[in-house]
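Here is the structure we will look at.
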Amino acid sequence: MTTASDDPSTTGAWSPRLWGTLVVLCAALFLDALDVSMVGVALPSIGTDLHLSTSALQWVVSGYVLGYGGLLLLGGRAADLLGRRRVFLAALAVFAAASLLGGLVDDGGLLIAARFLKGVSAAFTAPAGLSIITTTFAEGPARNRALSIYTTCGASGFSLGLVLSGLLTSAGWRWTFLMPVPVALVALGAAVRLLPRQPAPARGTAGYDAAGAITGTGSLLLLVFTVTEAQNAGWASARTIGSLAVVAVLMALFLLIESRAAHPLVRLGIFRNGGVSRANVAALAVFGSYAGFQFIATLYLQRLLGWSALEMALAFLPAGALVALSATKMGAVVDRFGTARLLPLGIGFLTAGYALFLRLDEHSGFLGLVLPSMVLLGIGFALAFPSVNIAATNGVDDEEQGLASGLVNTAFQVGSAIVLAVATAVITAGSDGGLSPQAQLAGYRPALLLVTAVSLGALVVTLVGWALERRRTAAPVAAESTSVHIPRAVAGPATAGGSDEGEDAEGRVLADR
């Protein structure tokens with residue numbers, strides 16, 4: 001069970017310092033999300049200015065995803081072993097430097113390198129920041145409130161990045177890289193003063209799983225690289241199949257190493273917590289389906305309907321606005337209904353939004369098609385995104401919060417990379433390279449069906465979790481109503497109290513440490 005490292009967080013009134021800590025962490029996540037979405041709209045201008053081919057231009061996006069998704073597990077464990085505050089500050093400084101480099105370079109290769117470096121820095125700031133929250137705010141209402149605000153800032157940054165990129169690109173694509181620099185520096189200065197200083201990890205009790213880090217990080221890096229490049233190399237090519245085989249071997253070695261290591265990079269017992277496991281599956285599907293949907297919708301609105309980049313960005317704004325407006329309320333909503341209920345409800349709204357978009361045709365409009373879907377997606381994200389993060393870190397001890405944070409963030413990024421790559425392949429196969437409206441729709445519709453199916457799969461998983469939660473909470477009530485009350489003087493230890501060797505009242509595994 002986690003405990004708060006700052007007692008005021010357990011009360012309703014937070015101190016100014018506690019609020020300042022949360023604001024700094026929210027600012028870093030906001031910048032990460034902003035960076036993901038801003039570069040997409042600027043890609044055509046970048047390609048023209050730096051004379052980049054389509055495949056090279058793809059790596060301006062993929063380089064960030066590779067660094068971010070491939071190193072998240074290492075970043076989360078580094079936060080646990082080296083100190084969350086130290087890792088967060090160092091990574092935020094690297095983010096600011098890489099942003100400045102990206103805005104000044106005149107070479108495509110250096111720009112891709114800067115994007116990769118920014119992805120690496122995000123791979124360390126994201127799990128470190130999330131684990132600082134989960135170890136500073138006590139599990140329960142205080143943490144739920146903090147996480148709902150934190151995750152909403154990330155979703156808002158992603159939505160706002162689309163609009164900002166449209167505005168900044170008109171002044172020059174370099175501003176999409178330079179704008180985050182002063183914000184990151186201000187956040188870094190505030191973080192030095194405000195982030196709580198936590199005891200340094202005991203070197204005698206924590207080890208460094210070098211073999212696990214090499215095989216785990218290597219398998220994730222190669223997986224993200226393979227699915228990103230599969231569109232160019234071909235899904236059935238020897239290169240793609242061979243790379244996936246190497247990924248499978250590395251992952252098998254990683255699991256073998258982790259099951260035997262004294263101080264594993266990923267303690268496999270953490271997955272015995274059913275809530276954590278289901279949350280990671282939901283995270284993979286939620287972000288994967290949304291990444292695929294956004295890609296499809298962007299192509300459809302700009303290529304087929306002829307909308308400008310700014311018009312397309314503004315079309316996504318209602319979803320982001322709904323998420324932002326819910327920020328201060330979601331903590332109370334989670335407290336009242338619980339993540340087991342809110343996750344399937346939120347994913348249900350997301351699935352409905354994707355299914356509704358299947359009505360797209362050559363003459364669809366904003367009010368008839370786009371707005372209804374965006375409203376459903378906004379409600380769905382407002383419910384699902386905070387719930388996923390809360391469920392993925394609840395019931396995890398303080399010394400493993402970095403690991404839990406790294407796992408859920410890895411699920412976000414890997415899910416995005418895989419579903420986006422598959423959706424792109426489906427679009428290409430369906431359209432058969434044709435540029436007519438009919439050919440484009442023949443690619444978009446099956447890709448949307450794929451996105452909807454992925455979201456539907458997550459809905460099934462979370463509904464099973466909700467059913468298990470109901471059964472678990474109903475069992476003690478049923479047992480109490482049918483039990484015979486034996487006087488304590490007569491009852492032995494086995495009848496006087498319930499067994500807690502496997503799970504506590506919340507279903508969290510405590511025995512496997």
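Where a number appears in this text, it was derived from the coordinates with a stated rule and is not lab data. Computed from a predicted model, the values in this text were never measured in an experiment. Cβ coordinates were reconstructed from backbone atoms using ideal geometry, including for glycine residues, and neighbour counts include every protein chain displayed.
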Find the Cα radius of gyration of region 358-478, compare it with 2.2 N^0.38 Å by division, and give the number to two decimals. 1.42
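Could you check how many percent of all C-alpha pairs in region 308-425 are farther apart than 24 Å? If you can, show how the numbers build up before the last one.
On the way: 2563 of 6903 pairs.
Tail of the P(r) past 24 Å holds 37 percent of the pairs.
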Using the Cα atoms as the points, what is the convex hull volume per residue of region 43-132 in Å³? 77 Å³
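Say a site is exposed when it is one of the chymotrypsin sites (Phe, Trp or Tyr not before Pro), sits in a DSSP loop, and has at most 15 other Cβ atoms within 10 Å; what is then the longest site-free stretch of the chain? Intermediate results must be reported in sequence, preceding the final value.
Numbers: sites that count: 208, 235.
That gives 236-513 as the longest site-free run.
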To one decimal place, what orientation-averaged projected area in nm² is obtained for the convex hull of the Cα set of region 310-353? 3.5 nm²
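Taking the Cβ of residue 384 as the centre, find all other residues whose Cβ is under 14 Å away and add up their charges (Lys, Arg: +1; Asp, Glu: -1). All intermediate terms of the calculation are to be shown ahead of the outcome.
Details: positive: 278, 341; negative: none.
Around residue 384, the surrounding residues sum to +2.
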Rounded if a/c is under 1.5, else prolate if a/b is larger than b/c, else oblate: which is region 245-397, with a ≥ b ≥ c the root eigenvalues of its Cα gyration tensor? oblate
What angle, in degrees between 0 and 90 and rounded to the nearest 10, separates the Cα long axis of helix 309-325 from the longest principal axis of the Cα atoms of the chain? 20 degrees
Per 10 angstrom bin, beginning at 0 and ending with the bin that holds the maximum distance, the Cα pairs of the chain fall in percents of 4, 18, 30, 27, 14, 5, 2, 1, 0
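Which value in Å is the Kirkwood Rh of region 220-269 over different Cα pairs? Mind showing how you got there, number by number?
Details: mean 1/r = 0.0834 Å⁻¹.
By the Kirkwood definition, the hydrodynamic radius is 12.0 Å.
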About its Cα centre, how strong a charge dipole does the chain have in debye, to the nearest 20, once Lys and Arg get +1 and Asp and Glu get -1 at the Cβ? 360 debye
The chain, helix-only ellipticity at 222 nm - DSSP H runs n ≥ 4, -39,500 (n - 2.57), divided by all residues, nearest 500: -26000 deg cm²/dmol
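What percent do you get for the relative contact order of the chain when only Cα pairs under 8 Å and 6+ apart count?
With pairs under 8 Å counted, the relative contact order is 22 percent.
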Largest first, please: the extent of the C-alpha atoms of region 157-282 along each principal axis, to the nearest Å. 53, 50, 28
